[in-house]
1. Considering only protein heavy atoms, what per residue accessible area in square angstrom results for the chain with a 1.4 angstrom probe?
2. Count the lysine pairs in the chain whose Cα atoms lie under 27 Å apart, taking only pairs 8 or more positions apart in sequence or on different chains.
3. Please give me, ordered by residue number, the GluC sites (Glu not before Pro) of the chain that lie in loop per DSSP and have at most 13 other Cβ atoms within 10 Å.
4. Report ³J(HN,Hα) in whole Hz for each residue of the stretch 17-26, in order, from the Karplus equation J = 6.51 cos²θ - 1.76 cosθ + 1.60 where θ = phi - 60°; Gly and Pro get x.
5. State, to one decimal in nm, how far the label point of residue 16 lies from the label point of residue 55, with both points 7 Å from Cα in the Cβ direction.
6. If you filter the chain for trypsin sites (Lys or Arg not before Pro), then keep DSSP loop positions with at most 13 other Cβ within 10 Å, what is left?
7. Could you give P(r) for the chain, binned at 5 Å from zero, as whole percent values over all Cα-Cα pairs?
8. Quantify, in whole percent, the carbon and sulfur part of the accessible surface of the chain (1.4 Å probe; protein heavy atoms only).
Amino acid sequence: MKLKYNLEDDVLIITLKDKPLSYGEEVSENIIAHYSDKDELIEIEILDASKFLKVKKEVTVPEKATV
């Protein structure tokens, strides 16, 4: 697992697997899940991360896409 934070854009990217991304879908406000072409969860992108991390929230990100 890798974490990458872009201070300028306030985006936190959590990479779970080192595989190519096929598509993404918004799973919660400011949370985008990126999946492989086999619908595996590869990466989670948190927009406005500094605001998100200040508030205790529970977010469920599906391990497999619901396409």
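1. Spelled out: the 1.4 Å probe surface of the chain, per residue, equals 75 Å².
2. For the chain, qualifying lysine pairs total 27.
3. Hits after loop and neighbour filter: 8, 29, 58, 63.
4. Rounded to whole hertz, the list is 9, 8, 9, x, 8, 10, 6, x, 9, 6.
5. 2.3 nm
6. 17, 38, 56, 57
7. Each 5 Å bin holds this share of Cα pairs: 4, 18, 28, 25, 17, 7, 1.
8. Percent of accessible area from carbon and sulfur atoms in the chain: 51.
The values are calculated or read from the model by the stated rules, or taken from the named source; none is laboratory data. None of these values were measured; they are calculated from a predicted model. When we count neighbours, we look across all protein chains shown, and the Cβ atoms used for this are built from the backbone with ideal geometry, even at glycine. Accessible surface areas use protein heavy atoms only, side chains included; no ligands, DNA or RNA. Shrake-Rupley method; radii C 1.70, N 1.55, O 1.52, S 1.80 Å.
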